[in-house]
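The values are calculated or read from the model by the stated rules, or taken from the named source; none is laboratory data. All values derive from a computational prediction rather than experimental measurement. Neighbour counts are summed over all protein chains in view; Cβ atoms, including those assigned to glycine, are modelled from backbone coordinates with ideal geometry. To get the accessible areas, we keep the full protein, side chains included, count just its heavy atoms, and leave off ligands, DNA and RNA. Shrake-Rupley method; radii C 1.70, N 1.55, O 1.52, S 1.80 Å.
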Amino acid sequence: MNIIQRNFYRLIRNGLFGHQEIIEPMSAFKWSKLFQLAVMHEVVVPVWQGLQKSKNQFQLHLTQQQWELLEKSVKEYGEKAESEEDAFLRADHLTNPALNHQLQNILDDEHSDVSTRQLLLTIIHVARHILNEGVPVKQLVELGDILYQQHERIDFEMLQRWLKRLHFEQMAQLEGEMLVQMFGFDSSEIPFLQGKVNKKAAVVAQELTEFTNTRSRDFYFSQDSGDIFVHTSNGSAMLGHLRRSARYFRYIPSEIVTNFFRSFAHSLSHIEE
């Protein structure tokens, strides 16, 4: 992990999760790269909060223009967040029909705890992002924030039963490992982490901390007028989707298969009749 990535995660840990880590000195160019990461992964606000809590550190040097640009971005993301603040209990779904039926039964139970349902939906949201997009920095930040802020209100025994019903135990384990690797959580702070550290999960978590790939884009098949051949709009996106499906198959096989075929079916919808 290079210095930009290290400082990127330190700022999020300082801003949201109560850490007081020392920020390594960087050039103005590298700070610009860090801000690009923050915008790309939609974590401008946590990075800004980390800067505010670290601004008295001697080695933290940003230009006035950089402070102003980042503050402007924070205001823009703040306005966007206000319009989405009630979205966490939206009607989410899984692509596997049987599991989705179980999920909807859970969400329809008015007697279940709201914070616990919120945590379950966020775990599912992280998984869907991993399968379809790649690096889930924003989604993992949201997951960590719920655990950090609402830990005492969550019914983890009920959560564990729900994860078992949805066959999400291994995926939740992977997400917990990523919180440990990327955001400095202790395993004792994540009750749904079970047993010993899964070495394979730790390897995957480390891979996801590397920003060697940009966000994937949708792929679809199309057919030009008068052309008998069908071609794909983005071959690299399709190959990336295949690789992710293979990589995470062991964590949630029942959802992986239906998720891929749903994406494939969606891509076929662009072919002209």
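Run down Asp86, Asp92 and say which single residue is farther than 30 Å from Ser54 by Cβ, at pLDDT below 85 and open to solvent by less than 40 Å² (accessible area, probe 1.4 Å). Walk me through it before giving the result.
Values: Asp86 fails: open to solvent by less than 40 Å² (accessible area, probe 1.4 Å).
After applying the criteria, what remains is Asp92.
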Among residues of the range 22-45, those that are in contact with a Lys or Arg (Cβ under 9 Å, 6 or more places away or on another chain) and in contact (Cβ under 8 Å) with a residue 60 or more places away in the chain, counted: 4
The range 139-155, residues that are open to solvent by 60 Å² or more (accessible area, probe 1.4 Å) and either among the polar types (S, T, N, Q) or under 10 Å from the mean Cα position of the chain (by Cα) (or both): Glu142, Gln149
Residue in the range 57-68 that is at pLDDT 85 or above, touching a helix residue (DSSP H, G or I) at 6+ places or on another chain (Cβ under 9 Å) and assigned to a loop (DSSP other than H, G, I, E, B) present: no
Subset of the range 7-23 [open to solvent by less than 50 Å² (accessible area, probe 1.4 Å) and either within 11 Å of Gln49 (Cα to Cα) or out of contact with any Leu (no Cβ under 8 Å at 6 or more places or on another chain) (or both)]: Tyr9, Arg10, Leu11, Ile12, Arg13, Asn14, Gly15, Leu16, Phe17, Glu21
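Take the residues in the range 98-128 that are of a type in the set (S, T, N, Q) and in a helix (DSSP H, G or I), then tell me which one is farthest from the chain's Cα centre (by Cα). Walk me through it before giving the result.
Step one: list which residues in the range 98-128 are of a type in the set (S, T, N, Q), which gives 100, 102, 104-105, 112, 115-116, 118, 122.
Subsequent filtering for residues that are in a helix (DSSP H, G or I) retains 100, 102, 104-105, 115-116, 118, 122.
On the way: Asn100: 20, Gln102: 23, Gln104: 22, Asn105: 25, Ser115: 19, Thr116: 18, Gln118: 15, Thr122: 9 Å.
For the range 98-128, the residue satisfying everything is Asn105.
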Unmet requirement for Leu131, which otherwise passes all of (1) open to solvent by less than 40 Å² (accessible area, probe 1.4 Å); (2) in contact (Cβ under 8 Å) with a residue 60 or more places away in the chain; (3) part of a loop (DSSP other than H, G, I, E, B): (3)
